[in-house]
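Here the structure comes first, spelled out in structure tokens, and everything after it is commentary.
Read-outs throughout are calculated quantities, based only on the coordinates presented, and are distinct from any laboratory measurement. Everything quoted here is computed from the prediction, not taken from an experiment. When we count neighbours, we look across all protein chains shown, and the Cβ atoms used for this are built from the backbone with ideal geometry, even at glycine.
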Amino acid sequence: MSYRRFVSIKLVLVVFLTGTLSACAVKSNLVGSKWVVIGKIEVPPNKTGITFQYGKPVARISADQYKPWCHLVMQDKVDAFRTITAGSYEINRVVFANDPINEMQTSFKTTMRLTSSASVPLFEITCGNWDDNSGSYLTHEQMEQAVNGLMKLEITPQNNK
């Protein structure tokens, strides 16, 4: 095996492990934590979801993918506006995905499945961004930045290690 190939394999392994370990660090304290609605979220008619960036709703296709964004998904679609003004949504499952965009960029997404007895049920929230191939999933602070002033992430004390 040539030295160049050895270094290449070693580099790929380091990048993979770095991404895996950073994902595990985030995942370890998300399950059991909660997203709490603190602002007013309006969901347009016939939509199952809404995307936020810097606390403002944006069309999913026009969101700056290089900056933190979050997409909220409702459990159902209705033909009228819905307003979410309060509620606590517990995270019961976390899924990490990294999808290559091109040779230089990867989409890093964290999808959190939610449960609640709130009147307007949210099914899941996905937060992410495009980054270089370093394996950087969003931090809790970056997720909150995307929904700034509308929701906050409450990490449960037993998970805040």
Could you name the aspartates and glutamates whose alpha carbon sits less than 17 Å from that of residue 47, not counting residues in the same chain fewer than 8 places away?
76, 79, 124
How do 89, 66, 54, 137 line up, fewest other C-beta atoms within 10 Å first?
66, 54, 137, 89
